[in-house]
Amino acid sequence: MTEKSKKTVVLVYSGGLDTSICIPMMKEDYGYDHVVTVTVDVGQSAEDIQQAAEKAKIMGTEHYTVDAKEEFAAEYCFRAVKANAMYEGYPLSTSIARPLIAAKAVEIAQKIGATAFAHGCTGKGNDQFRIEYGIRALMPEAVIHAPIREKNLTRTWEIEYAKKKNIPIQQSLEKIWSIDENLWGRSIEGGRLEEPNFAPPEEIFQWTSSPETAPDVVTTLKIDFKLGVPVALNGEALGASLLVMKANRFAGDNGIGRIDVMEDRMLGLKVRENYECPGAMLILNAHKALEALVLTREEIKFKEKVDAQWSDIAYQGLWWDPFKDDLEAFINQTQKRVTGTVTLRLYKGGMQVIGRESPWALYSEDLASFDTTTFDQRESTGMVKNFGLQQRMFFHLAKKL
Ligand code: ARG
């Protein structure tokens with residue numbers, strides 16, 4: 001280990017309150033003389049990315065911005081699509097970004113020869129698991145510091161500390177929202193939102209119109225899927241990240257994707273969470289509709305269980321766990337037929353699938369229609385007669401005994 005690497009720490013940096021106060025702390029309390037900040041662009045606003053770089057400059061760190069948007073959309077969001085990923089009504093937007101952020105921080109550390117890391121996660125949330133699993137999976141010798149957790153800090157204390165250290169922050173004691181944003185959605189936490197009975201104020205939403213202000217006309221949208229992932233919107237072929245951005249716009253403008261849930265965190269804490277995930281909710285809804293057309297009844301039933309397991313693993317951030325690969329082997333096999341087009345109507349916070357088609361459709365109008373005789377109804381007689389056999393036997397026994 002070189003002298004430089006011993007004294008260098010790589011800080012996973014968003015530019016927000018928690019990670020910003022880590023900069024002076026790494027020097028003053030943890031004894032590092034070189035702080036390297038890494039901001040991974042997974043689709044948060046361009047302004048956030050720029051502000052993080054500016055703050056890092058003001059605070060004198062060596063700063064890296066890593067553009068991972070396309071990788072995030074194609075390798076993370078789209079895997080979530082194939083798995084219909086959902087945890088307690090939340091499409092895992094924050095969760096799936098964390099392993100990628102950890103991987104990019106490790107790449108920078110390897111480049112500059114560092115093995116020490118810091119992150120701004122609290123000791124109450126899930127992100128500490130996801131970030132640390134990721135870093136340790138890819139660099140087992142890593143030393144990881146988590147100042148907010150290790151010092152048991154509160155946000156009020158952090159705001160005071162930031163002021164004392166002249167760290168520019170957006171939060172005030174009134175507007176204390178902690179926001180996490182990426183292509184797959186926004187999470188808004190903190191302040192009065194922590195109260196399960198406090199109605200989310202309109203100001204927390206940035207990507208979604210309220211149903212009241214959404215357009216008074218219906219938007220019709222066609223989504224083409226190929227091998228389980230979306231490839232075009234209204235016939236326009238799009239790369240992964242651009243497609244997700246546009247899906248966010250279509251759904252968000254129509255008031256779709258606001259989520260307000262009580263969430264069971266990994267540590268067992270129940271927490272009130274607000275999200276807006278317009279594109280994710282839209283794409284997942286369409287994907288499920290296409291699966292319903294092409295997969296067999298047993299595939300769908302079994303896949304629901306596989307999808308739930310995949311979602312748990314993704315929620316926990318165990319991105320490189322072999323069990324995830326095992327589950328994906330099944331998922332990917334099913335997705336070979338999830339090719340086709342789904343049509344949806346979006347209107348004032350609601351969405352409705354109004355059409356689906358696929359070369360793999362397990363549907364035949366000729367068989368199912370009321371008006372055809374290809375399916376000979378008379379052949380059903382024997383099956384109908386014997387289908388409820390056990391129930392019938394039980395009922396007669398119960399009457400007799
Ligand atoms: N509870 C969510 C999760 O564990 C989101 C946390 C997002 N963090 C934030 N500071 N808003 O995935």
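The values are calculated or read from the model by the stated rules, or taken from the named source; none is laboratory data. As the structure is a computational prediction, the values presented were derived from the model and not from experiment. Here the Cβ positions follow ideal geometry from the backbone for every residue, glycine too, while neighbour counts run over all protein chains shown. Only protein heavy atoms, including side chains, enter the accessible area calculation; ligands, DNA and RNA are left aside. Shrake-Rupley method; radii C 1.70, N 1.55, O 1.52, S 1.80 Å.
To keep it simple, each residue is scored yes or no on (1) of a type in the set (A, V, I, L, M); (2) at pLDDT below 95.
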| site | (1), (2) |
| --- | --- |
| I167 | yes, yes |
| S172 | no, yes |
| I176 | yes, yes |
| D180 | no, no |
| G190 | no, yes |
| T219 | no, no |
| E236 | no, no |
| N248 | no, no |
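When the range 81-101 is filtered for residues that are crowded, with 23+ Cβ neighbours inside 10 Å and away from the ligand (no atom under 14 Å from the Cβ), the ones remaining, listed by number, are V81, A83. Could you tell me whether the range 56-74 includes any residue that is buried (at least 24 other Cβ atoms within 10 Å of the Cβ) and more than 19 Å from the chain's Cα centre (by Cα)? Looking through the range 56-74, at least one residue is buried (at least 24 other Cβ atoms within 10 Å of the Cβ) and more than 19 Å from the chain's Cα centre (by Cα).
Residue-wise test of (1) within 16 Å of the ligand (Cβ to nearest atom); (2) in a helix (DSSP H, G or I).
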residue: G255; (1), (2): no, no
residue: M262; (1), (2): yes, no
residue: N274; (1), (2): yes, no
residue: G279; (1), (2): no, yes
residue: A289; (1), (2): no, yes
residue: E304; (1), (2): no, yes
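Listed conditions (1) within 30 Å of A329 (Cα to Cα); (2) β-branched (V, I, T); (3) surrounded by fewer than 22 Cβ atoms within 10 Å (Cβ to Cβ) are all met by T122, apart from (1). Being open to solvent by less than 60 Å² (accessible area, probe 1.4 Å) and farther than 18 Å from I101 by Cβ is the filter here, so list the residues in the range 32-55 that pass it. Y32, H34 - these are the residues of the range 32-55 that are open to solvent by less than 60 Å² (accessible area, probe 1.4 Å) and farther than 18 Å from I101 by Cβ.
Residue count for the range 360-401, restricted to those that are more than 24 Å from R297 (Cα to Cα) and either modelled with pLDDT of 95 or more or assigned to a helix (DSSP H, G or I) (or both): 9. Scan the range 224-236 and tell me whether some residue there is of a type in the set (K, R), surrounded by fewer than 19 Cβ atoms within 10 Å (Cβ to Cβ) and farther than 28 Å from A329 by Cα. No, the conditions are met nowhere in the range 224-236. Residue count for the range 130-155, restricted to those that are in contact with a strand residue (DSSP E or B) (Cβ under 6 Å, 6 or more places away or on another chain) and in a loop (DSSP other than H, G, I, E, B): 1.
Among all residues of the range 102-112, there is at least one that is within 16 Å of the ligand (Cβ to nearest atom) and open to solvent by less than 30 Å² (accessible area, probe 1.4 Å). For the range 188-200, the tally of residues that are surrounded by 12 or more Cβ atoms within 10 Å (Cβ to Cβ) and out of contact with any strand residue (DSSP E or B) (no Cβ under 7 Å at 6 or more places or on another chain) stands at 2. With respect to (1) in contact with a strand residue (DSSP E or B) (Cβ under 9 Å, 6 or more places away or on another chain); (2) in contact (Cβ under 8 Å) with a residue 60 or more places away in the chain; (3) within 16 Å of the ligand (Cβ to nearest atom), the lone exception for E158 is condition (1).
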